[in-house]
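The values are calculated or read from the model by the stated rules, or taken from the named source; none is laboratory data. Here the structure is a predicted model, which is why all the values come from computation and not from measurement. Cβ atoms come from the backbone with ideal geometry, glycine included; neighbour counts cover every protein chain shown.
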Amino acid sequence: MWRVKLDDDHHAFAELMRRWQRPIENLCARMLSDSDRAQDVAQMVFARVFSRRADWEPTAKFSTFLWRIALNLCRDDLRGRQRRRECSLEEWLDTAGPELLDNGQPTPDTAADIQERADLVRNALFKLAPQHREVVVLRHYEQLKFCEIAEVLEIPEGTVKSRMAEALNQLSRLLGPLKEKNVWNNQSKELLAL
């Protein structure tokens, strides 16, 4: 990042993008619940990083700078979507039912169970308040430590932990149908065991 900041080194920036593109897209997808929009926001993240390269200071890790920009753009996108009351095509298609599977894929019943479980977890995560969802996504999916999450969000570590506890309580209530329908699996249990 120093080379990007001081010399406008496009090769160094391309290397940063190669390293961070997938993690940032994954973060955005989990925050926005829309993979296409997540790719767009991830591109905006890197455009913002490059345009604000002069603002970057090595007092914190580059990843903290990057996560913060990504979360802020996700928040902006969510607020804009709520104002416009938008719905993604992906969300609309998800309600249309399971797709036909090619040979070599799980049986239709198994695929439907997996899809139902994934939908329930994704919908439960998206129902959390953004400040709770951010903590869960950064901790569970991005494997950041509580102190790193505190740095990214610019809040005390104790606040991160309390938000995580509240998020897990809410997820436990929201994911109750998984237990009732016997669709519970180890991955769902791990999510709640954070």
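How do the helices (runs of 4 or more DSSP H) wholly within the range 82-194 filter down when requiring 1 or more residues that are under 15 Å from residue 33 (Cα atoms) and at pLDDT 75 or above: which remain?
108-127, 130-136
Just the residues that are over 23 Å from the mean Cα position of the chain (by Cα), part of a helix (DSSP H, G or I) and exposed (fewer than 14 other Cβ atoms within 10 Å of the Cβ), please, taken from the range 3-29.
Matches in the range 3-29: 6, 7, 10, 11.
What number of residues within the range 30-71 are assigned to a helix (DSSP H, G or I), under 26 Å from residue 147 (Cα atoms) and under 12 Å from the mean Cα position of the chain (by Cα)?
Number satisfying all stated conditions: 9.
Filter the range 107-122 down to the residues that are touching a residue at least 12 places away in the same chain (Cβ under 8 Å) and not β-branched (Val, Ile, Thr) and list them by number.
The answer is 111, 112, 113, 115, 116, 117, 119, 120, 122.
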